[in-house]
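J.: Have a look at the structure that comes next, please.
The values are calculated or read from the model by the stated rules, or taken from the named source; none is laboratory data. Source: prediction; values computed, not measured. Note that we place each Cβ from the backbone using ideal geometry, even for glycine, and neighbour counts take in every protein chain shown.
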Amino acid sequence: MAIQKVLVVDDSKTEIMFMTDLLTKNGFTVRSAENAEDAFRKLAEEKPDLILMDVVMPGQNGFQLTRAISRDPQFADVPIIMCTSKNQETDRVWGMRQGARDYVTKPVDANDLMAKIKALG
């Protein structure tokens, strides 16, 4: 399945702008959500081909949200890449255990992220 629609979940407007700009320039359609509630609303409206997930957010964090999405039969097939400032190996392992397909630390390296997205597609 070719990845075209990406949902960026991050509570930082700066990060959302950076990701949206990067992905749009690479031909992706991007929607964004600033928290778990918003993310679920966007998922229900239109199922994305990929989710880029921040971890540190108010309310439900990215690990919890990743677990919820990956266990929902309706969205279990949507790959999730964690994009976070949490750069410890334990965080990466935990993120993968919650259902993430890959893990990128911030500041996000544009080429690295694009390579990971292409590997999923």
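J.: For segment 75-102, give me the residue count where each residue is over 21 Å from ILE117 (Cβ atoms) and not charged (D, E, K, R).
T.: Number of matching residues: 4.
For every residue, the table says whether it meets (1) in contact (Cβ under 8 Å) with a residue 40 or more places away in the chain; (2) over 18 Å from SER12 (Cβ atoms); (3) more than 12 Å from the chain's Cα centre (by Cα).
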residue: MET53; (1), (2), (3): yes, no, no
residue: ILE69; (1), (2), (3): no, yes, no
residue: ASP77; (1), (2), (3): no, yes, yes
residue: THR90; (1), (2), (3): no, yes, yes
residue: TRP94; (1), (2), (3): no, yes, yes
residue: GLY99; (1), (2), (3): no, yes, no
residue: PRO107; (1), (2), (3): no, no, yes
residue: ASN111; (1), (2), (3): no, yes, yes
residue: MET114; (1), (2), (3): yes, yes, yes
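J.: Something else: Out of curiosity, is GLU37 among the acidic types (Asp, Glu), farther than 14 Å from LYS5 by Cβ and out of contact with any Cys (no Cβ under 7 Å at 6 or more places or on another chain)?
T.: yes
J.: Of a type outside the set (A, V, I, L, M, F, W, C) and under 26 Å from LYS118 (Cβ atoms): does that describe ASP72?
T.: yes
J.: If a residue must be out of contact with any Ser or Thr (no Cβ under 8 Å at 6 or more places or on another chain) and either at pLDDT below 95 or over 16 Å from LEU43 (Cβ atoms) (or both), how many such residues does segment 61-82 contain?
T.: Going through segment 61-82 one residue at a time, the tally reaches 2.
J.: Further question: I'm told ARG41 meets every condition in (1) of a type outside the set (A, V, I, L, M, F, W, C); (2) buried (at least 16 other Cβ atoms within 10 Å of the Cβ); (3) without any contact (Cβ under 8 Å) to a residue 12 or more places away in the chain except one. Can you identify the failing condition by its number?
T.: Of everything listed in (1) of a type outside the set (A, V, I, L, M, F, W, C); (2) buried (at least 16 other Cβ atoms within 10 Å of the Cβ); (3) without any contact (Cβ under 8 Å) to a residue 12 or more places away in the chain, ARG41 misses just condition (2).
J.: Just need a number here: residues in segment 8-46 that are more than 16 Å from VAL108 (Cα to Cα) and in contact with a strand residue (DSSP E or B) (Cβ under 6 Å, 6 or more places away or on another chain).
T.: Qualifying residue count, segment 8-46: 8.
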